[in-house]
Amino acid sequence: MGRRRLAREIALQALYVADVAHTPAEEAFAIVTRREGGDADAETLAFARDLALGALAKRDELDEIISARADNWAMNRMAAVDRNVLRLAAFELTARPDTPLGVVIDEAIEIVRKYSAEEATRFVNGILDGLKAARAGAKPPKAAKPKKHDPEPEKEKP
């Protein structure tokens, strides 16, 4: 497993602990890294910490972004793992422009596949597809060029 994937999994676990056990962000991260951080180097733990604490600090804002794209799904009705993977990916999409969009989505799908039900991959992928526009600096789709409906009449040759 790559260092970034490990960092994302550690961050997800911290988000999960904070969410389910109502644990403060720093404490949730400390709990997880005491248990899971043994295989991680300092750079991996720093990335995990940035993701986890950043996502937890912006949780309400991220929940609004996700809820706007999760038709008929309240955040509290989502599976805890799915909800926190979405928060993690939404944070990375909005706050980490250095990570390519496709990487954020692919990593989220792989993590959901590992920690949640298989059908959750379609659910998470659908919501993340709608979150692409949340990336700061995302370019709006190009408008189609208007078609000329009335061609100019040909000029008569003298």
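Quick note: the coordinates plus some simple rules give every number you see, no bench work behind them. Treat the numbers as computed from the prediction; the structure is a model and nothing was measured. In this analysis, Cβ positions are derived from the backbone assuming ideal geometry, glycine residues included, and neighbour counts consider all displayed protein chains.
If I model a spin label at W73 and A133 as a point 7 Å from the Cα along the Cα→Cβ vector, what separation in nanometres do I get?
Roughly 1.8 nm, to one decimal.
Counting other beta carbons within 10 Å of each residue's own, what order do I31, I127 fall into, fewest first?
By the 10 Å Cβ count, ascending, the order reads I31, I127.
Sort the following peptides by mean Cβ neighbour count (other Cβ atoms within 10 Å, averaged over residues), highest first: 57-70, 81-94.
Output ranking for 57-70, 81-94: 81-94, 57-70.
Roughly speaking, what is the stretch gain from R34 to A57, that is 0.36 nm per residue apart minus the C-alpha to C-alpha distance, in nm to one decimal? Could the numbers behind the result be given before it?
Details: separation 23, 0.36 × 23 = 8.28 nm, distance 2.13 nm.
Length gained between R34 and A57: 6.2 nm.
So what is Rg over Rh here for region 3-134, counting just Cα atoms and using Kirkwood for Rh? Write out the running numbers ahead of the final one.
Details: Rg = 13.4 Å, Rh = 14.4 Å.
Here Rg/Rh amounts to 0.93.
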